[in-house]
Amino acid sequence: MQAYVAHAMDIPMSQVHGLFRSIRFSTTQPRGKHTIKFCLGTACYVGGVPQLIEKARQALGIEPGQTTKDGLVTLELCRCVGACSQAR
Ligand code: FES
(Lines give C-alpha, C1' and ligand atoms only; values in the text may rest on other atoms or scores of the structure.)
Protein backbone atom coordinates (compact mmCIF):
# COMPACT_ATOMS: atom_id res chain seq x y z
CA MET A 1 0.00 0.00 0.00
CA GLN A 2 2.86 2.37 0.81
CA ALA A 3 4.37 1.78 -2.63
CA TYR A 4 0.99 2.43 -4.23
CA VAL A 5 0.57 5.73 -2.37
CA ALA A 6 4.13 6.82 -3.22
CA HIS A 7 3.57 6.05 -6.89
CA ALA A 8 0.13 7.69 -7.00
CA MET A 9 1.42 10.86 -5.33
CA ASP A 10 4.75 10.81 -7.20
CA ILE A 11 6.75 11.09 -3.99
CA PRO A 12 9.55 8.90 -2.58
CA MET A 13 8.40 5.81 -0.72
CA SER A 14 10.64 6.85 2.18
CA GLN A 15 8.44 9.89 2.64
CA VAL A 16 5.30 7.78 2.76
CA HIS A 17 6.95 5.31 5.11
CA GLY A 18 8.06 8.13 7.42
CA LEU A 19 4.53 9.45 7.61
CA PHE A 20 3.14 5.98 8.15
CA ARG A 21 5.55 5.35 11.02
CA SER A 22 4.58 8.63 12.67
CA ILE A 23 0.92 7.64 12.89
CA ARG A 24 0.48 6.29 16.40
CA PHE A 25 -1.71 3.29 15.67
CA SER A 26 -0.27 2.26 12.34
CA THR A 27 1.38 -1.10 11.91
CA THR A 28 3.12 -2.99 9.16
CA GLN A 29 1.95 -6.34 10.51
CA PRO A 30 -1.52 -7.72 9.85
CA ARG A 31 -3.68 -7.56 12.96
CA GLY A 32 -6.09 -10.12 14.23
CA LYS A 33 -9.83 -9.76 13.92
CA HIS A 34 -9.84 -8.75 17.58
CA THR A 35 -7.20 -6.71 19.41
CA ILE A 36 -6.67 -6.96 23.15
CA LYS A 37 -4.72 -4.05 24.60
CA PHE A 38 -3.19 -4.12 28.05
CA CYS A 39 -2.56 -0.79 29.68
CA LEU A 40 0.85 -0.48 31.29
CA GLY A 41 0.05 2.77 33.03
CA THR A 42 0.81 2.95 36.73
CA ALA A 43 -2.71 2.36 38.03
CA CYS A 44 -3.27 -0.67 35.81
CA TYR A 45 0.18 -2.03 36.48
CA VAL A 46 -0.34 -1.83 40.23
CA GLY A 47 -3.86 -3.19 39.75
CA GLY A 48 -2.52 -6.42 38.29
CA VAL A 49 -2.16 -6.08 34.55
CA PRO A 50 1.12 -8.06 34.51
CA GLN A 51 -0.80 -11.09 35.78
CA LEU A 52 -3.48 -10.59 33.12
CA ILE A 53 -0.84 -10.37 30.41
CA GLU A 54 0.67 -13.63 31.63
CA LYS A 55 -2.74 -15.34 31.56
CA ALA A 56 -3.36 -14.10 28.03
CA ARG A 57 0.10 -15.26 26.91
CA GLN A 58 -0.58 -18.73 28.29
CA ALA A 59 -4.13 -18.96 26.94
CA LEU A 60 -3.32 -17.72 23.44
CA GLY A 61 0.27 -18.91 23.08
CA ILE A 62 1.48 -15.53 21.81
CA GLU A 63 3.47 -12.60 23.12
CA PRO A 64 2.30 -8.97 23.16
CA GLY A 65 2.73 -7.62 19.64
CA GLN A 66 1.85 -10.96 18.07
CA THR A 67 -1.29 -12.38 16.48
CA THR A 68 -2.65 -15.89 16.91
CA LYS A 69 -2.05 -18.21 13.96
CA ASP A 70 -5.77 -18.29 13.20
CA GLY A 71 -5.71 -14.51 12.83
CA LEU A 72 -8.35 -13.95 15.47
CA VAL A 73 -6.52 -12.16 18.29
CA THR A 74 -3.68 -9.66 18.54
CA LEU A 75 -2.19 -8.75 21.91
CA GLU A 76 -0.88 -5.23 22.34
CA LEU A 77 0.51 -3.11 25.14
CA CYS A 78 -0.38 0.54 25.53
CA ARG A 79 -0.07 3.38 28.00
CA CYS A 80 -2.79 5.01 30.04
CA VAL A 81 -6.07 5.15 28.16
CA GLY A 82 -7.80 7.30 30.76
CA ALA A 83 -9.70 4.54 32.51
CA CYS A 84 -7.48 4.45 35.60
CA SER A 85 -10.44 4.31 37.99
CA GLN A 86 -11.31 0.88 36.62
CA ALA A 87 -7.89 -0.55 37.40
CA ARG A 88 -8.23 -3.18 40.12
S1 FES B 1 -3.21 3.59 34.01
FE2 FES B 1 -4.37 2.24 32.80
S3 FES B 1 -6.02 3.49 32.15
FE4 FES B 1 -4.77 4.84 33.25
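The values are calculated or read from the model by the stated rules, or taken from the named source; none is laboratory data. These numbers were taken from a predicted model, which means no experiment stands behind them. A quick note on method: Cβ atoms are made from the backbone with ideal geometry, for glycine too, and the neighbour counts reach across all protein chains shown. Note: areas computed on protein heavy atoms with side chains; ligands, DNA, RNA excluded. Shrake-Rupley method; radii C 1.70, N 1.55, O 1.52, S 1.80 Å.
Determine the shape class of the stretch 1-42: with a ≥ b ≥ c the square roots of the Cα gyration tensor eigenvalues, call it rounded for a/c under 1.5, and otherwise prolate if a/b is greater than b/c, oblate otherwise. Oblate shape, in that a/c is at least 1.5 and b/c is the bigger or equal ratio.
Dividing the summed -39500 (n - 2.57) terms of all DSSP H runs of n ≥ 4 by the residue count of the chain sets its mean residue ellipticity at 222 nm at -11500 deg cm²/dmol. Along the stretch 63-74 the Karplus relation, 6.51 cos²θ - 1.76 cosθ + 1.60 evaluated at θ = phi - 60°, assigns HN-Hα couplings of 9, x, x, 10, 10, 4, 4, 7, x, 8, 10, 10 Hz to successive residues, with x for each Gly and Pro. Relative to the compact-globule estimate of 2.2 N^0.38 Å, the Cα radius of gyration of the chain comes out at 1.39.
Seen from Gln51, the other residues with C-beta closer than 15 Å to its C-beta sum to a net charge of +2, counting Lys and Arg as +1 and Asp and Glu as -1. Subtracting the Cα-Cα distance of Glu63 and Ser22 from their residue separation scaled by 0.36 nm leaves 12.4 nm.
For a paramagnetic label modelled on Arg79 (point 7 Å from Cα along Cα→Cβ), amide N atoms under 17 Å away belong, within the stretch 30-48, to 38-46. The amide H of Cys39, built 1.01 Å from its N in the peptide plane, has Cys78 as neighbours under 5 Å, considering only residues 5 or more places off or on other chains.
Solvent exposure of the chain, expressed per residue, is 77 Å² of accessible area, with all protein chains present and a 1.4 angstrom probe. When the surface is traced with a 1.4 Å probe over the full set of protein chains, His34 keeps roughly 100 Å² accessible. Counted residue by residue at 0.36 nm each, then reduced by the alpha carbon distance between them, the extension gain from Asp70 to Lys37 reaches 10.1 nm.
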